[in-house]
Each structure stands twice: as C-alpha cells, then as structure tokens.
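The values are calculated or read from the model by the stated rules, or taken from the named source; none is laboratory data. Predicted, not measured: the structure shown is a model, and the values here were computed from it. Because the Cβ atoms are built from the backbone with ideal geometry, glycine has one as well, and the counts that use them run over all protein chains shown.
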Amino acid sequence: MDSSGSVVMQTSKLVVPWAQVPMYNTIMGVCTGVGLLLIVWFGYKFYSRQEMVFEGWSLAFGVVGLILFVTGLHMSLTWPIAFIAPWDNIYFGETDLALGTLLLAVAFYLWRRGPELESLGTASDVVRERLIRVLEPISLIVFALGLVCVAIGFFARADLWALLRLPAT
C-alpha cells in the first residue's frame, strides 16, 4: 500500500541464480528417452522371437534406471527448482523416479534370471510365457504412470498459460 491507502502492484523480474541451482534435467531427459527406447527395442526383439543376451539388457536397463532413480529421488525430495517452476519438480522428479525404479527392477530380474532363461532358448515359448507372467503385475503400474503423464500434459499446458499470462493494465 502507498500513503494514500491504495494497493500498489509490484512486478519483479525472475532472477535465477544459475550457479546455485543444480540443473540435471538434460541427463534426466536423455535417460528417460533412452529408457523408453530400450523398452520398445526389448519388446520388439522379444515379440519377434529374436535371440537375446539378457545380461546386456540388464546392464542397459540398470545404468539408465540408476541415473533416473538417483536424479528423480533427489528432485522429488529436495525440490531444487522450486523457485523457478515448482511443478517441474513433480513433473520431472516423480515420473523419472518411477521409471528408474521400474527399469532397475527389470534389470535386477534379467541379471538374476537371465542365464536360466537363456538356457531355455530366448526365442522359446517357455521363456516368452514366463516373462509375460512375470511382467504382468507391473503393467498396472505402467498403465497408472501413463495416466499420470497424460494428466501432467494437461496441467503443464495450463501452468504454461498461467505463467505467460500478461498482467492486467
């Protein structure tokens, strides 16, 4: 309020102290994309009944999953970019944490059971049925995450419009 009692609107520029903000959205984005592509590639090879070496897939899923788990957990718990765009901590952190956890679980399973499955022949119906049964419960989590991503898409659009809205004159 000024001396006459009327409300004075102050506008200030958003100044981001980049030297103090931990930014790792790039590595999160790259690993999210690679993780999703790995899932599609694994699924393609699996459904086309190609021979696979599960240890290699375990390493790939494990490396990407570990990076997403660590960065997603840190972002979810500490909210490092809260003063820039607080919702981004949820959009990036929590979804990457969930994807990283799923990738780590698949990596662990393929690492532990891979040699056993390979001994049966990776293109065999036995291995195929076994993997489908093992991964079936995870499909509910994946479906829920898909719904969350659709919702985030709608909310992110609304947040962007709110952020870009010009002040009334």
Subject >> Single residue of region 78-87 satisfying the filter (without any contact (Cβ under 8 Å) to a residue 60 or more places away in the chain and in contact with a helix residue (DSSP H, G or I) (Cβ under 8 Å, 6 or more places away or on another chain)) that is nearest to MET23 (Cα to Cα) >> reply: PRO80
**OP:** Report, by residue number, each residue of region 91-118 that is surrounded by fewer than 17 Cβ atoms within 10 Å (Cβ to Cβ) and in contact (Cβ under 8 Å) with a residue 12 or more places away in the chain.
**Re:** THR101, ALA105, PHE108, TRP111, ARG113, PRO115, GLU118
Original post:
For region 74-82, does any single residue satisfy the condition of being surrounded by 14 or more Cβ atoms within 10 Å (Cβ to Cβ), of a type in the set (S, T, N, Q), under 30 Å from MET52 (Cβ atoms) and under 22 Å from the mean Cα position of the chain (by Cα)?
Top reply: no
Original post:
Going through region 110-129 one residue at a time, which ones are assigned to a helix (DSSP H, G or I), in contact with a helix residue (DSSP H, G or I) (Cβ under 7 Å, 6 or more places away or on another chain) and either at pLDDT below 90 or not aliphatic (A, V, I, L, M) (or both)?
Top reply: TRP111, GLY114, LEU117, GLU118, VAL127
**OP:** Can you confirm whether region 132-143 contains a residue that is within 22 Å of THR26 (Cβ to Cβ), touching a helix residue (DSSP H, G or I) at 6+ places or on another chain (Cβ under 7 Å) and in a helix (DSSP H, G or I)?
**Re:** no
Original post:
Just a yes or no: is a residue in region 58-71 buried (at least 16 other Cβ atoms within 10 Å of the Cβ) and among the aromatic types (Phe, Trp, Tyr)?
Top reply: yes
Original post:
Can you find a residue in region 52-73 that is modelled with pLDDT of 85 or more and among the hydroxyl-bearing types (Ser, Thr, Tyr)?
Top reply: yes
